[in-house]
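For reference, the structure discussed in these notes is given below.
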Amino acid sequence: MTKAGVGLSQNLDDHRKAGFEAASQAVEKLGGLAPSILFCFSSIKYNQEEVLRGIREAAPAASIVGGSAAGEITSWSTVFDGVNVLAISSNSIRFVTGVGKGVSKDSFKAGTAAAKDVVSNSGGKKPNLFIMLPDGMTGNGAAIVDGIKSVLGENAPIIGGSLGDDYFFKKTFEYHQDQVLTDSVVGVGLYGSFEYGFGIKHGWEPVGLPLKVTKADGVKLQEVDGKPALKVYEDYFGKEAAELVREPLARMAYTYPLGLAVEGSDELLIRDPVIANEKGEITMASAIPEGTTIRLMIGDRDKAIVAAKKAAQVAREQLEGAEPKFILMFNCMARNRLLGVRCHEENETVSQAIGSGVPMSGFYTYGEQGPLLGKKGTPAYFHNETMTLLVVGE
Amino acid sequence: MNKVQRTASPLAKRNAGVKEIKRLRNTLRVRDLELAELKKKHAIDLQELDKVAKMLVQRDLERSQITEKREDELKQLKESRAALLNILEDAQAARKFVQEEKEKISAIIANLSDGLLLFDAQDRLSMVNPQTEKIFAVKEQDLIGKTIPQLAAFPATRPVVILVKNEGEKIFRKEIKLREKMTLEVTTVPLTIGKNQLWTLVVLHDVTREKLIEEMKTEFVSLSAHQLRTPLSAIKWTLRLLLDGELGNITQEQRGFLEKTYQSNERMIALINDLLNVTRIEEGRYLSRRVLIELEQILQIVVNSYKEESKRTNIGFKLEVSKEPLPKVLVDLEKIQVAMQNLLDNAFRYTRAGGQVTVSLKSDKKEVELSVKDSGVGIPKDQQEKVFSKFFRAANAVRIEAEGSGLGLFIAKNIVESHGGRIWFESEEGKGSTFYFTLPVAG
């Protein structure tokens, strides 16, 4: 039996109270059951340690995971100055947590460390489902995923979202039990008998001629079609390179990311540009290997909402009739930018498509992780701009 | 002619083949050219598409930037609107509060049982309340805006206005009889309104009833005193007869009792007289005809009458008169004597045997000054304030002599001040007192 509840607080006057209020609200909805684990996401406006202390006060015995976000989502609201908590109590699912540090130093290794930590904490068993919460600003997101895959298996069910910091793009935080960390990846392994569904879709479409990556170094995209990578955006935006470097590029271009074709998906896999330098090299959120064909992607509000709905439907179907118990949403911050004042529409669409009574909690991420199109049994990738959903049921 | 069908020679076959190859080559060449053309066209089309795509992206970027800006502005507008609404709410609440306060104050002023007049910084009448209208039997609109001189022209308001004009800022409960059944206590209060503007608030307190009661009280005392005098005179006359032996011999013992009774009766008569004097002072009927004399003359008479007393009580008695001739004063003879007697009575009463009483008389160009100095018990500092009050007797005085009306100094003060003089004292408990009064020089 699994029960879940979501709480939200916007108490900017007292950060500790904010954490306490959000957690208490969530725990109350468990109807007297003690929570096994709390997923907590908080705006960077709050003192992270204070919030965590408040949350711990409300749930002295539960596991706590989560981190800072670029927006907090529940089934009834989308806010940008809140603390939201998903409390889960279950006697059929066991939650085991773990952490890997030093993402910027060696992202792959940090990934393996997190996965190994979960496995060892569970008593040596691989989990039925692995949720990852990596730092959103440091290291190479795709490498972290690879690191986890190297421990759990190439096709292991992995899903998650990168933590954010209210669009400052400076520093993000991860919560593991009572610690506020940074440059880390937190992992949660789910063990036991339960059903789950993935919904992963973005709705962006390619535009313009295909381009070839002629020179790349890790996450740095150096040359496209023999010319400096930044030229792509210069041409498509009609703007000077200097301006694009200054802006920074991320802010202008995160609704116009680059997409690459991957086997097994009708949608292109999206990569966000983060920042450009004077040489015209673009640092991407995740590496695009040399020789890859890329296209510029263009987003459309209505198409994005349709994609979100589709993702929700797929996730629901994957439950194969099981009753959904809770939803975790990893929604890319770029989608918030694209949809503007309509951002809550896609969140509501998801909630309604799965069941408006199902407790839903999530946050706006700086990157998402999961298998292409949410197909179970296929390798997990690092995504951008994508609506990524995990529905757990029984 | 029929040509015989023969098989083509190898050479002919070869020539045909070569022709075919040439034909095919041409076709291929043409096709190649066509393909190249198509490819070129295709490339141009793609370039066109790409150009369009780039334009599309640029337009889209502009649009999304504008949309973002617009949504930001809308958000700001919403916030400004909310803030403005808050301010408006606050302003409305404040205005409502001010209005309520105003109404409260207006209600208080309108219903105040005292009359209020408010003069602005230019001494123009700014406001009167309904009670003022009642007091003067004038309507507000006839008074507002008028200056003090203008108001003085109204017979109804004249007395009050004159008082305010002459004594201005610091009037405290000054009594004015406006007309037969209207006595007012007038008080002025300076107010600072706005930026250092000095306004004047005049408060009219109706004391007609109080005055009436006081008058009734005085009348009553007067009547009672007169009524009491008659039987006391009869008693005095009868006792005198008895003591003078006109009704037969009396024993020594009987004489003793009769003397005591006579003295008690005398004291009662004195008290009644004092009460009557007080009522006459209060009714303003006290002073009679004044004559021009030298004060020394009266003083001598009074002093002589105390020589016996001095011997009897063994208290030294001295008179010091200034060597230079004293100017004349205009006085009510009888009353001035009473004043001097009251001072000397006190001096002797409150000085022990062996003490000293000194009377001095001097003058300057403006006034004549008399002083009575004793070496008696003095007046305690905490009682000195009330010494001239009606019926007041200091605690130590009461201890020395239980009986006494407490009216002596009240009457003396009245007499002296009615003549335009001043009266005061210096005293130290245990050492003695000196009482002074002055009278203005006549002329």
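The values are calculated or read from the model by the stated rules, or taken from the named source; none is laboratory data. Given the structure is predicted, the values throughout are model-derived calculations rather than measurements. Backbone-built Cβ (ideal geometry, glycine too); neighbour counts: all protein chains shown.
For the range A:265-309, a residue qualifies if it is assigned to a loop (DSSP other than H, G, I, E, B) and either within 14 Å of chain B (Cβ to nearest Cβ) or in contact with a Ser or Thr (Cβ under 6 Å, 6 or more places away or on another chain) (or both), and the qualifying residues are A:GLY299, A:ASP300. Within the range B:414-436, the set of residues being buried (at least 20 other Cβ atoms within 10 Å of the Cβ) and at positive phi comprises B:GLY432 only. In this structure, does A:GLY259 turn out to be within 14 Å of chain B (Cβ to nearest Cβ), modelled with pLDDT of 80 or more and closer than 15 Å to A:HIS383 by Cα? It is true that A:GLY259 is within 14 Å of chain B (Cβ to nearest Cβ), modelled with pLDDT of 80 or more and closer than 15 Å to A:HIS383 by Cα. Restricting attention to the range B:134-151, the residues being surrounded by 16 or more Cβ atoms within 10 Å (Cβ to Cβ), assigned to a helix (DSSP H, G or I) and free of Cβ contacts under 8 Å to residues at least 60 places away in the same chain number 4. Figure legend. Inter-residue proximity from the range B:200-224: first residues without any contact (Cβ under 8 Å) to a residue 60 or more places away in the chain, second residues assigned to a helix (DSSP H, G or I), beta-carbon distance below 7 Å, spacing 6+ or different chains. Indicated pairs: B:VAL221/B:LEU275; B:VAL221/B:THR279.
Let's see how each residue does on (1) within 14 Å of chain A (Cβ to nearest Cβ); (2) exposed (fewer than 10 other Cβ atoms within 10 Å of the Cβ); (3) modelled with pLDDT of 95 or more; (4) over 30 Å from B:VAL189 (Cβ atoms):
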| residue | (1), (2), (3), (4) |
| --- | --- |
| B:GLU48 | yes, no, no, yes |
| B:LYS69 | yes, no, no, yes |
| B:GLU73 | yes, no, no, yes |
| B:GLN76 | yes, no, no, yes |
| B:ASN86 | no, no, no, yes |
| B:ASP123 | no, no, no, no |
| B:VAL128 | no, no, no, no |
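A:SER120 satisfies every condition listed in (1) in contact (Cβ under 8 Å) with a residue 40 or more places away in the chain; (2) closer than 30 Å to A:SER193 by Cβ except (1).
Consider the range A:334-359 and keep the residues that are within 11 Å of chain B (Cβ to nearest Cβ) and on the phi < 0 side of the Ramachandran plot. The one that is surrounded by the most Cβ atoms within 10 Å (Cβ to Cβ) is A:LEU338. Any residue at all in the range A:62-82 that's without any contact (Cβ under 8 Å) to a residue 40 or more places away in the chain and among the aliphatic types (A, V, I, L, M)? Yes.
Looking at the range A:352-360, can you tell me whether even one residue there is touching a Leu at 6+ places or on another chain (Cβ under 9 Å) and under 22 Å from A:GLY67 (Cα atoms)?
We begin by selecting, within the range A:352-360, every residue touching a Leu at 6+ places or on another chain (Cβ under 9 Å); these are A:354, A:359-360.
Those still in the list that are under 22 Å from A:GLY67 (Cα atoms) too: A:359-360.
Yes; the residues of the range A:352-360 include at least one that is touching a Leu at 6+ places or on another chain (Cβ under 9 Å) and under 22 Å from A:GLY67 (Cα atoms).
Scanning the range A:242-259 for residues that are of a type outside the set (D, E, K, R) and either without any contact (Cβ under 8 Å) to a residue 12 or more places away in the chain or surrounded by fewer than 18 Cβ atoms within 10 Å (Cβ to Cβ) (or both) yields A:ALA242, A:VAL245, A:PRO248.
Find the residue count for the range A:80-95, including only residues that are farther than 23 Å from A:ALA69 by Cβ and among the aliphatic types (A, V, I, L, M). Explain how you work it out, then say what you get.
Here is the first cut: in the range A:80-95, the ones farther than 23 Å from A:ALA69 by Cβ are A:89-94.
Among the residues that remain, those that are also among the aliphatic types (A, V, I, L, M) are: A:93.
The qualifying residues number 1.
Just checking, which of B:ILE21, B:ILE44 is among the β-branched types (Val, Ile, Thr), assigned to a helix (DSSP H, G or I) and over 30 Å from A:MET297 (Cα atoms)?
Values: B:ILE44 fails: over 30 Å from A:MET297 (Cα atoms).
Answer to the check: B:ILE21.
For the range A:63-77, the candidate set comprises residues that are surrounded by 21 or more Cβ atoms within 10 Å (Cβ to Cβ) and over 16 Å from the mean Cα position of the chain (by Cα); within that set, the residue that is farthest from A:GLN177 (Cα to Cα) is A:SER75. Among the residues examined, B:LEU33 does not qualify as of a type in the set (A, V, I, L, M, F, W, C), within 14 Å of chain A (Cβ to nearest Cβ) and either more than 60 Å from the chain's Cα centre (by Cα) or loosely packed, with under 11 Cβ neighbours inside 10 Å (or both). One residue stands out among those in the range B:190-232 that are surrounded by 13 or more Cβ atoms within 10 Å (Cβ to Cβ) and polar (S, T, N, Q): the one that is farthest from B:ASP274 (Cα to Cα), which is B:THR200.
Scanning the range A:105-133 for residues that are part of a loop (DSSP other than H, G, I, E, B) and hydroxyl-bearing (Ser, Thr, Tyr) gives a single hit, A:SER122. Among residues of the range A:102-153 being acidic (Asp, Glu) and under 25 Å from A:ASP272 (Cβ atoms), the one that is farthest from the chain's Cα centre (by Cα) is A:ASP106.
Please indicate, with yes or no, whether at least one residue in the range A:330-352 is in contact with a strand residue (DSSP E or B) (Cβ under 9 Å, 6 or more places away or on another chain), in contact (Cβ under 8 Å) with a residue 24 or more places away in the chain and part of a loop (DSSP other than H, G, I, E, B). Checked against the condition, which is being in contact with a strand residue (DSSP E or B) (Cβ under 9 Å, 6 or more places away or on another chain), in contact (Cβ under 8 Å) with a residue 24 or more places away in the chain and part of a loop (DSSP other than H, G, I, E, B), the range A:330-352 yields no hits at all. The set of residues from the range A:22-52 being free of Cβ contacts under 8 Å to residues at least 40 places away in the same chain and within 17 Å of A:SER68 (Cα to Cα) comprises A:TYR46, A:ASN47, A:GLU50, A:VAL51.
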